[in-house]
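J.: Pasting a structure here, questions to come.
Read-outs throughout are calculated quantities, based only on the coordinates presented, and are distinct from any laboratory measurement. Keep in mind the model is a prediction, meaning the values are calculated, not measured. Every residue, glycine among them, receives a Cβ derived from its backbone with ideal geometry; neighbour counts consider all protein chains shown.
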Amino acid sequence: MGKRSIFFRSMDKKKFIFPIVVCTLIIFILNTIGKGFVDKSRSVLIETAVRISQSFQNINSKIASMRYFFAHDINKNILKLHEANQKLAYEIENLKHLKTENEELRKILDLKNQISDKIIIAKITNVFSNDYIRSCVLNVGSSSGVETDDIVRNRDGFIGRISEVHKTWSCVLAITDTNSKIPVKIGKEQINAILSGDNSRMLSVSMKNEDISLKDGDIAETAYFENPICNQIPVGKVIENGGTFFIEPFVDFNSLQYVCILKNK
């Protein structure tokens, strides 16, 4: 038993010797190559981290580029749509203008057929409307037979007289101009009066017989012109304001485009 116990004790010692030897070898190896190993491992880790960071940067750069080009394409398309809308809006307004112009020209042609073939049709090229003058320029002149004091009108009524004539153009003095005075008859009673402009929308009324009273809404028509077709042209209606009577013209001077010229002589 004693010998056996000694054997087992020696075996127990051998069990501890092997691990101790292995650990000693590992410690020796680590002490020998430890610093280089750690440095190399550190370098590998740093290089890997840098590569990963660069990869993420490249990915972010590509994403940013894609966003930029995508946004650029969207803005470019929006700009194209905006330009197309503006062009379409301009074309629509132009078509509206042409439609209005054609309708007014058709009315003028109908008026010419009703009155006389000798009527001259003209287009307004310029308008002068300020505190000092109410006038417009026509695209016809003496070469078309226009003369001073010819009467100008449209379907709505009396516009004015030709005040200046040149070879290819002429000027119209509107009835609202401060230098304009025209004879008229007003209402069913055919009251004689003179209408004067004052560079405003309304016309002043002067009557020889001041005892005669005008009625609100009565119609004023041209009278006493040499050519009969120049008479009985509607001018406007009577408007009462604070006990004073005015004539409001039928013609909308802001929308004139085409007119008829009537020979007054």
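J.: Run the numbers for Ile74 and Asn60: contour at 0.36 nm per residue of separation, minus the present Cα-Cα distance, in nm.
T.: Result for the pair: 3.0 nm of gain on full extension.
J.: Which ³J(HN,Hα) values, rounded to whole Hz and listed in residue order, are derived for the stretch 189-199 from phi using the Karplus coefficients 6.51, -1.76 and 1.60 in 6.51 cos²θ - 1.76 cosθ + 1.60 with θ = phi - 60°, glycine and proline given as x?
T.: Using θ = phi - 60°, the values come out as 6, 6, 6, 6, 7, 10, 9, 10, x, 9, 6 Hz.
J.: Might you report the magnitude of the Cβ-based charge dipole of the stretch 122-262 about its Cα centre, with Lys and Arg at +1 and Asp and Glu at -1, to the nearest 20 debye?
T.: I would put it at about 340 debye.
J.: If you stretched the chain out fully between Ile115 and Glu103, how much longer would it get, using 0.36 nm times the residue separation minus the C-alpha to C-alpha distance? Write down the numbers at each step before the final one.
T.: Details: separation 12, 0.36 × 12 = 4.32 nm, distance 1.86 nm.
Stretched fully, the Ile115-Glu103 segment lengthens by 2.5 nm.
J.: For labels at Leu95 and Glu83 in the simple 7 Å Cα→Cβ model, what's the distance in nm?
T.: Taking the two extended label points, one gets 2.2 nm.
J.: DSSP loop (so not H, G, I, E, B), at most 15 other Cβ within 10 Å: list which trypsin sites (Lys or Arg not before Pro) in the stretch 185-245 pass both filters.
T.: Passing sites in the stretch 185-245 are Lys188, Arg201, Lys208, Lys215.
J.: With the contact rule set at Cα under 8 Å and sequence spacing of 6 or more, what percent relative contact order holds for the stretch 128-265?
T.: Values: 336 pairs, mean separation 31.6, N = 138.
It rounds to 23 percent for the stretch 128-265.
J.: Continuing with this model, one more query. Please list, by residue number, every one of the trypsin sites (Lys or Arg not before Pro) in the stretch 140-173 that is coil in DSSP and has at most 13 other beta-carbon atoms within 10 Å.
T.: Taking the stretch 140-173 and a limit of 13 other Cβ atoms within 10 Å, the loop trypsin sites (Lys or Arg not before Pro) found are Lys167.
J.: Here is a follow-up. Within the stretch 129-179, which chymotrypsin sites (Phe, Trp or Tyr not before Pro) sit in a loop by DSSP and count at most 13 neighbouring Cβ atoms inside 10 Å?
T.: Those satisfying the criteria are Tyr132.
J.: Right, something else. Given Cys171, Ser143, Ser204, which one lies farthest toward the positive end of the charge dipole of the stretch 122-262, if we put +1 on the Cβ of every Lys and Arg and -1 on the Cβ of every Asp and Glu?
T.: Looking along the dipole axis, the top candidate is Ser143.
J.: Anything over 23 Å Cα to Cα? Flag those among Lys185/Lys263; Lys123/Lys185; Lys123/Lys167; Lys123/Lys237, in the order listed.
T.: Beyond 23 Å between Cα atoms: Lys123/Lys185; Lys123/Lys237.
J.: Taking 0.36 nm per residue of sequence separation and subtracting the Cα-Cα distance, how much length would be gained by fully extending the chain between Asn231 and Thr125, in nm to one decimal?
T.: That pair, Asn231 and Thr125, stretches by 35.5 nm at full extension.
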